[in-house]
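Reviewing the structure listed below.
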Amino acid sequence: MKALILVGGFGTRLRPLTLSVPKPLVEFANKPMILHQIEALKAVGVNEVVLAINYQPEVMLNFLKDFETNLGIKITCSQETEPLGTAGPLALARDKLIDDSGEPFFVLNSDVISEYPFEQMIKFHKAHGGEASIMVTKVDEPSKYGVVVTEESTGKVEKFVEKPKLFVGNKINAGIYLLNPAVLDRIELRPTSIEKEVFPKIAAEGKLFAMVLPGFWMDIGQPRDYITGLRLYLDSLRKKSSSKLAIGPHVVGNVLVHESAQIGEGCLIGPDVAIGPGCVVESGVRLSHCTVMRGVRIKKHACISSSIIGWHSTVGQWARVENMTILGEDVHVCDEIYSNGGVVLPHKEIKSSILKPEIVM
Amino acid sequence: MKALILVGGFGTRLRPLTLSVPKPLVDFANKPMILHQIEALKAVGVTEVVLAINYQPEVMLNFLKEFEKKLDIKIICSQETEPLGTAGPLALARDKLIDGSGETFFVLNSDVISEYPLKEMVEFHRGHGGEASIMVTKVDEPSKYGVVVMEGTTGEVEKFVEKPKIFVGNKINAGIYLLNPSVLNRIELRPTSIEKEVFPNIAAEKKLYAMVLPGFWMDIGQPKDYITGLRLYLDFLRKQSSSKLASGSHIIGNVLVDESAEVGDGCLIGPDVAIGPGCIIESGVRLSRCTVMRGVRIKKHACISSSIIGWHSTVGRWARVENMTILGEDVHLGDEVYSNGGVVLPHKEIKSSILKPEIVM
C-alpha cells in the first residue's frame, strides 16, 4: 500500500527551527515530525511513502536513507518545481501512487499529529464503498477554518464551507485522506487546492465520506500549537504506553526524557516536557511545558516554561525563559538572563534580557 | 606572495542576507564581497589566498573553484574547529603562509572595503624595515573604536588604546596588515586577539608601523554601513573609471547597472545605486541609495531608498520601500505595500505594510 505526505515548502512559521533543518526533520517528542507519520503508515501496511516537497530535497534525502533502512519501508521524494498547492502534488506523483492493484492510498498533511487510526480508516473506507475518505476533527472555533458538513449517520460529505459566518458544523478537515486511484483522474498537474477544487466535486457526486478522528489532533506547524500538541501527545502516550514516560520524585505530570539525557539533582521537570538525546539538565532546574532539543545544556537553577530550546543551545544559571521563547540552534543564553517570548535565530549569544516578545537576529 | 583573509563565522549582523549565502559571497556593488579583496591581492602579485573560516566551508568551496579559474590564483580554506579570534587563525594556517622564501604576507579582515593601496603598503613596509605594518584610517568618533597611537613622521606605533575616554588620536585599525613570517612565531594556536595580544608586543619592540589608508574605508558587515559603503565605493569608481558607471537622462549621481539588467522608461535611478545581473526595473521606478541584488524585479512606479533588495525578490507596483528595509532572498512585496525599515527573512510574501522597523520571519 502507498502513501503521499504533503511536505510542501519553507516552513517559515516554524522558524527559527526551520532555519537549521527542513520542517519534517524538526523533532517533536524526541522524534522527527515526519517519522511519527511514517511509522504509523508502516504499522498499517504501507510499504512505500512518497514525500511531496519543494524545498531542500538534498537535506531530506540523507535522513530518509536512514529511516528507510531502520524501518524497512521505501521512501521517495517527488519534487515540485513550482508550488502545486494541496492537490497538484498528487498529480505529479501519479506514477508512484498507482500500481495495478487498484488499492487506495493515504495522503497526509505533514504538520499534523494525531493517533493516526489508519486501520479504522481503512475499514470505514471499505464499508461505505465511496471514492474518498477524509478524517475530520472537532474544534471549538470552526469559523476560523474550513468546515466539513456531513450527513450524521453515514458520514457522507454534503459540502465544504470556508470560515462560515453562521454555525454550520464544528468538524474541520484534519488533513488525513484515504483515496481511490480514481481520484487522481480528477487532478490536473497545476497548482490546485484539494479542499476547494477536488473534494467538493467528489462530494457533489455523493462519493466523499468523512470519519471523525478519534483521539487528539494538532497542526504543529507553528510554535504555540507545537507546545499544545506536545501536551496532547504525551497525554495519549500516558494512556497507551506509560512506561515510555519518565517517573520519579522530580517528575510532575507527563515527561519524556531520552535515555542519553542527564538530569541533575533537585530538579522539578514537567508537566508536558520533552528532553532530547544528549541533553544535560544541571541541578536545581525547573522545566514545564517545554521542549529541549538534542544536545542542549540547561545550567543550574534555571527556570523554563512554555518554550522551545533548539539543538545544542545553552541556558545559563538562574536564567528565566518563558512565554513562547524559541531558541534556534546553537543559541547561548547567559547566566541570570530573562527571556519573555524572545525568538532567537541560530548561532547567537544573548547577554541581556529580552523583556518583551521580539525576534533577535 | 601569500595572503590570509579572516572570514570568520556566521555573519549574523548581515542577516537576512547571510541566511542565504555565507557572508563573503554576499554581493557588494555587484560582486561578491570577497572577490573585491581577492582581485586587489591578485593585482599586487599575490598568488595564493588562504581563507580562514569557521562556517559553511562547502558552500564557499564551490564558489571559490570558479574564482580560482577566472583569476588564476590559488584559493584554499583553513577551517577553524573552534573560533580562534583575530590572530589564532594565522597560527592555524602557518604552514600555508610560510614557504621558506621569507616573503611577507597580507592579512585582511573580510568585512572591509577600501581602495586597497597594497602596492604602497609593500613599499612602506620595505621602507621602515620593521616586522609588521598595519593600515589605519581616520574616523570622526575614535572613542567607539580601538585607537592606534603612532609617531607622526615614521608611523612607528606607540600603543593601542581601546575606546579611549580622552582624545589620544583619531586613527583606528583598518583591518589590513602586512606581516613578516616571524610574526607567526608570536602567535599560539588558541583563541587570540591580534589587536590586544600580538600587535602590542610587536609595538613594544618598536617593530610595528602604521600607514594611513588613503581613500575610503568601510566595514560593511552590517546593513547601515553596507549602504554607506556603497556610496563611498561608487564615488571612488567615479574618480577611477567612470565608464563603469551608468549614464543617461534617467541617472542621477553614481549608479552601477549590470549589463544584463533592464531598466524601463521613465525611471529615475540614483544616487548611489547598484543594480545586479538579470534585474528588471519596470517603468516609472525611483531608486536611490539602494542595492538591488541578482534577479530582482521592481514593478512599475515603485519607490525605493536606503534599502537592500535580496536576490530574486520582487517589489510590487507603487510599493514604497525605505529606511533600511532589507529583503532577504525570494521575498515578494505586494503592490502598494509600504515598508519602513522592514527586515524580511527569505521566502516570504509581504501583503500588508510594515509601518515601523521590525523583523518579519
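The values are calculated or read from the model by the stated rules, or taken from the named source; none is laboratory data. As the structure is a computational prediction, the values presented were derived from the model and not from experiment. Reconstructed Cβ throughout: ideal geometry from the backbone, glycine too, with neighbour counts over all protein chains shown. To get the accessible areas, we keep the full protein, side chains included, count just its heavy atoms, and leave off ligands, DNA and RNA. Shrake-Rupley method; radii C 1.70, N 1.55, O 1.52, S 1.80 Å.
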Fill in the blank from the handout: Of (1) without any contact (Cβ under 8 Å) to a residue 12 or more places away in the chain; (2) within 14 Å of chain A (Cβ to nearest Cβ), B:G8 fails just (1)
Practice task
Evaluate the stretch B:39-57: report whether one residue or more is small (G, A, S), surrounded by 23 or more Cβ atoms within 10 Å (Cβ to Cβ) and either more than 14 Å from chain A (Cβ to nearest Cβ) or farther than 30 Å from B:S260 by Cα (or both).
Solution key: yes
Handout entry: First in the stretch A:84-105 and touching a residue at least 60 places away in the same chain (Cβ under 8 Å) and within 14 Å of A:A182 (Cα to Cα), second anywhere and in a loop (DSSP other than H, G, I, E, B) and of a type outside the set (D, E), Cβ under 7 Å, 6 or more apart
Key = A:A87/A:I187; A:A87/A:S193; A:L90/A:I187; A:A91/A:I187; A:A91/A:L189; A:E103/A:M1; A:P104/A:N180; A:F105/A:M1
Handout entry: Which listed residue, of B:P277, B:P271, is open to solvent by 10 Å² or more (accessible area, probe 1.4 Å), over 23 Å from B:V21 (Cβ atoms) and touching a residue at least 40 places away in the same chain (Cβ under 8 Å)
Key = B:P271
Completion exercise
How many residues of the stretch A:62-82 are within 14 Å of another protein chain (Cβ to nearest Cβ) and in contact with a Lys or Arg (Cβ under 8 Å, 6 or more places away or on another chain)? The answer is 0
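A quick yes/no check of all residues on (1) at pLDDT 95 or above; (2) touching a Lys or Arg at 6+ places or on another chain (Cβ under 9 Å):
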{"site": "B:A3", "(1), (2)": "yes, no"}
{"site": "B:G9", "(1), (2)": "no, yes"}
{"site": "B:V21", "(1), (2)": "no, no"}
{"site": "B:N30", "(1), (2)": "yes, yes"}
{"site": "B:N54", "(1), (2)": "no, no"}
{"site": "B:M60", "(1), (2)": "no, no"}
Problem - Qualifying positions in the stretch A:299-313 - open to solvent by less than 30 Å² (accessible area, probe 1.4 Å) and more than 23 Å from A:G229 (Cα to Cα) - result: A:A302
Practice task
Scan the stretch A:16-38 for residues that are within 12 Å of another protein chain (Cβ to nearest Cβ) and without any contact (Cβ under 8 Å) to a residue 24 or more places away in the chain and jot them down.
Solution key: A:T18
Exercise for the section: Could you check, for the stretch B:325-337, whether at least one of its residues is part of a strand (DSSP E or B), out of contact with any Ser or Thr (no Cβ under 6 Å at 6 or more places or on another chain) and either away from every other protein chain (no Cβ under 14 Å) or in contact (Cβ under 8 Å) with a residue 24 or more places away in the chain (or both)? Expected result: yes
Practice task
Of all residues in the stretch B:169-215, count the ones that are hydroxyl-bearing (S, T, Y), in a strand (DSSP E or B) and surrounded by fewer than 23 Cβ atoms within 10 Å (Cβ to Cβ).
Solution key: 1
Exercise for the section: Just name the residue that is surrounded by the fewest Cβ atoms within 10 Å (Cβ to Cβ) out of those in the stretch B:332-348 that are closer than 19 Å to B:V273 by Cβ and over 23 Å from the mean Cα position of the chain (by Cα). Expected result: B:S339
Handout entry: Residue in the stretch B:235-256 that is of a type in the set (D, E) and open to solvent by less than 60 Å² (accessible area, probe 1.4 Å) present
Key = no
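Only residues that are within 13 Å of B:E80 (Cα to Cα) and touching a Leu at 6+ places or on another chain (Cβ under 8 Å): list them for the stretch B:6-17, please.
Listed by number, the residues that qualify are B:L6, B:V7.
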